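Peer 1: Below: one structure in structure tokens.
The values are calculated or read from the model by the stated rules, or taken from the named source; none is laboratory data. None of these values were measured; they are calculated from a predicted model. Glycine gets a Cβ as well: all are built from the backbone with ideal geometry, and neighbour counts include every protein chain shown. Surface accessibility is based on the protein's heavy atoms, side chains included, excluding ligands, DNA and RNA. Shrake-Rupley method; radii C 1.70, N 1.55, O 1.52, S 1.80 Å.
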Amino acid sequence: MQFVKKLFAPVDMTIGRPWEKILLFTIPMLLGNIAQQLYNTVDSVVVGKYVGDNALAAVGSAGPILNLLIVLFVGISMGASIMVSQYFGARDRKGLSHTIGNCIVLTIIASVFVMVVGMLAARPLLELLNTPESIIDWCTSYLKILFISAAGLAFYNILSGVLRGLGDSVSALIYLVVASVLNIGLDLVFVAKFGLGVDGVAYATAIAQTVSAVMCARKLYSMKELFDMKSEYIRWNQKYAMGIIRLGIPSGITQAIMSMSMIAVQSLTNSFGEMFIAANVVVMRVDGFAMLPNFSFGTAMTTYAGQNVGAKQQDRVSQGAKQGTILALSFSAVITGVILLFGKHLMGIFTNTSELVELSMNMMCILAAGYIAMAVLQSLSGVMRGAGDTMTPMWISIVQTVCLRVPLAYLMCYMTRSTEYPNGRQECIFISLLTAWLLATAITCIFYMKGNWKNKAVTQV
């Protein structure tokens, strides 16, 4: 009983061996991220197997637009995680209570905004991207169902960000596992049994996300030993709300830029036809798993740096940055190796079309080296964000996507046009992505070593 209680208790990263604290925090979060990745993956598998390759393409084509319109959630979640971790490290109960209360207020506002704008913008955006007529109706319906249920997605993402800031990565893992199992079951019931097609996977995802959000809320309400969940704190407070927004806006902008770049490249991808669209979906689903160690360690480093900056232990931040990056590189190398060895079997889960599996695997091989580089980028960016410097990672992301990825994709496709390939060679889409990753990693290392991020702590303001 004591072990279980300790397992679900917040992790204090200001004491103990850095690599051990980072690893213990990251493993549950990595498992949780795997569970979250199963949302989209199971959706793709079910529609690909039971409805067809066009339905698989529809679910994937809707992704960039969904990601673009939920950037508010991403921004608030990051701002909340940074502020919570620093106030937790500083042992400031009042500041922590105000921060969490204002997270809830901002989540409600963001949910309503995304629901309204998403419903109105879904179809026009799909038309703007030249989405094929064969799948546009499915895409539109899928997006509208998810936007109607935006509150569930918002509250899960933001409240789990609060839990991570408190050092609790285990609770989010448990809630995601429950929600993922529910999602898989509902996918099979709605699609395989009731024949609801693409709408069925949207309903399943919406219900599962709402369940995970409710569980996160109940967990936070029970943590009264750390902060106060009273009405006086759950109201707009200029200082704390704007602090969350100030820290979150760069991450939100980063996500928005990445989503817009995906949309810009999606338009180019759509020009290659339904088969390549479906292959792109398969690659991005496997890519999601390949990136999980990188994102998980990046988030862990944000919490680690935030708590130690709040506790004014700068030497410990630098020590943990080195150890955390080495751990991230090790995990990323192993997962990348597994994907290269067993990639065709993984891609065969999504479709029965051998041509689609072969095409997807060829594209995945191009990206392999980039996953190792991204382990460094995500870890060092996480340290800078945790210290309160969210602007530097944002500018690097702008360079990566706006100045490198999108122009390179269009330029490479244009330069490889021929009679055989009137729109250019398909692999240019992924070569441009790999190039952008490698250059952005080099830039991140330079800015991390300059050290300007060391003077950005929220609790010093």
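Peer 1: Give me the pairs: first residue in region 273-301 and crowded, with 24+ Cβ neighbours inside 10 Å and of a type in the set (D, E, K, R), second residue part of a helix (DSSP H, G or I) and modelled with pLDDT under 85, beta-carbon distance under 7 Å, and six or more apart or on different chains, which are they?
Peer 2: Partner pairs satisfying both residue conditions: Arg285/Asn40; Arg285/Thr41; Arg285/Ser44.
Peer 1: Give the number of residues within region 286-314 that are over 16 Å from Ser332 (Cα atoms) and of a type outside the set (Ser, Thr, Tyr).
Peer 2: Qualifying residue count, region 286-314: 10.
Peer 1: Looking at this structure, is Ala172 of a type in the set (A, V, I, L, M, F, W, C) and modelled with pLDDT of 80 or more?
Peer 2: Judged against the criteria, Ala172 is not a match.
Peer 1: I've got another one for you. Scan region 408-430 for residues that are open to solvent by 40 Å² or more (accessible area, probe 1.4 Å), without any contact (Cβ under 8 Å) to a residue 24 or more places away in the chain and in a helix (DSSP H, G or I) and jot them down.
Peer 2: Leu411, Met412, Tyr414, Met415
Peer 1: Can I ask one more? Give me the residue from region 144-164 that is of a type outside the set (A, V, I, L, M) and out of contact with any Ser or Thr (no Cβ under 9 Å at 6 or more places or on another chain) and, out of that set, surrounded by the most Cβ atoms within 10 Å (Cβ to Cβ).
Peer 2: Top of the filtered list is Phe147.
Peer 1: Now for a separate question. Working only within region 440-457, note down all residues that are assigned to a helix (DSSP H, G or I), touching a helix residue (DSSP H, G or I) at 6+ places or on another chain (Cβ under 6 Å) and open to solvent by less than 80 Å² (accessible area, probe 1.4 Å).
Peer 2: Within region 440-457, Ala440, Thr441, Ile443, Thr444, Tyr448, Trp453 qualify.
Peer 1: Which residues, counting only those in region 347-373, are crowded, with 20+ Cβ neighbours inside 10 Å, of a type outside the set (Val, Ile, Thr), in contact (Cβ under 8 Å) with a residue 24 or more places away in the chain and touching a Lys or Arg at 6+ places or on another chain (Cβ under 9 Å)?
Peer 2: Met347, Phe350, Ser360
Peer 1: Within region 68-98, count every residue that is outside any helix (DSSP H, G or I) and either aliphatic (A, V, I, L, M) or modelled with pLDDT under 80 (or both).
Peer 2: Of all residues in region 68-98, those outside any helix (DSSP H, G or I) come to 70, 90-92.
Next, only the ones that are either aliphatic (A, V, I, L, M) or modelled with pLDDT under 80 (or both) stay: 70, 90.
Selection size over region 68-98: 2.
Peer 1: Consider Gly320 carefully, then state whether it is surrounded by 19 or more Cβ atoms within 10 Å (Cβ to Cβ), of a type outside the set (D, E, K, R) and in a helix (DSSP H, G or I).
Peer 2: Yes.
Peer 1: While we're here: Given the conditions (1) farther than 30 Å from Thr353 by Cβ; (2) modelled with pLDDT of 80 or more, which single one is not true for Ser141?
Peer 2: (1)
Peer 1: Then there's this: Quick one: would you say Leu433 is open to solvent by 40 Å² or more (accessible area, probe 1.4 Å), modelled with pLDDT of 90 or more and closer than 22 Å to Ala290 by Cβ?
Peer 2: Judged against the criteria, Leu433 is not a match.
Peer 1: Output the qualifying pairs, or none if there are none: Cβ atoms under 7 angstrom, residues six or more apart or on different chains, first residue in region 377-406 and at positive phi, second residue open to solvent by 30 Å² or more (accessible area, probe 1.4 Å) and not in a helix (DSSP H, G or I).
Peer 2: Gly388/Lys456
Peer 1: Quick check on Ser180: is it closer than 27 Å to Ala90 by Cα and among the hydroxyl-bearing types (Ser, Thr, Tyr)?
Peer 2: Values: closer than 27 Å to Ala90 by Cα: no; among the hydroxyl-bearing types (Ser, Thr, Tyr): yes.
No, not satisfied.
Peer 1: Turning to a different aspect of this structure: Please work out if Ala192 is closer than 26 Å to Val59 by Cα, open to solvent by 10 Å² or more (accessible area, probe 1.4 Å) and in contact (Cβ under 8 Å) with a residue 24 or more places away in the chain. Before the answer, list the steps.
Peer 2: On the way: closer than 26 Å to Val59 by Cα: yes; open to solvent by 10 Å² or more (accessible area, probe 1.4 Å): yes; in contact (Cβ under 8 Å) with a residue 24 or more places away in the chain: yes.
Yes; evaluated as a whole, the condition is true for this residue.
Peer 1: Additional query: Give the residues of region 97-143 that are open to solvent by 20 Å² or more (accessible area, probe 1.4 Å), farther than 30 Å from Ala217 by Cα, touching a residue at least 60 places away in the same chain (Cβ under 8 Å) and not hydrophobic (A, V, I, L, M, F, W, C), sorted by residue number.
Peer 2: Correct list: Asn130, Pro132, Ser134.
Peer 1: Can you list residue pairs whose Cβ atoms sit under 8 Å apart, with the first residue in region 258-272 being touching a residue at least 40 places away in the same chain (Cβ under 8 Å) and the second being open to solvent by less than 30 Å² (accessible area, probe 1.4 Å) and aromatic (Phe, Trp, Tyr)? Count only pairs 6 or more apart in sequence or on different chains.
Peer 2: As it stands, the answer is Thr269/Phe276, since those pairs meet every condition given.
Peer 1: Confirm whether Gln266 is closer than 20 Å to Leu408 by Cβ, at pLDDT below 80 and part of a helix (DSSP H, G or I).
Peer 2: Yes: the conditions hold for Gln266.
Peer 1: Please find, within region 30-45, the residue that is farthest from the chain's Cα centre (by Cα) out of those that are open to solvent by 10 Å² or more (accessible area, probe 1.4 Å), modelled with pLDDT of 70 or more and hydrophobic (A, V, I, L, M, F, W, C).
Peer 2: Val45
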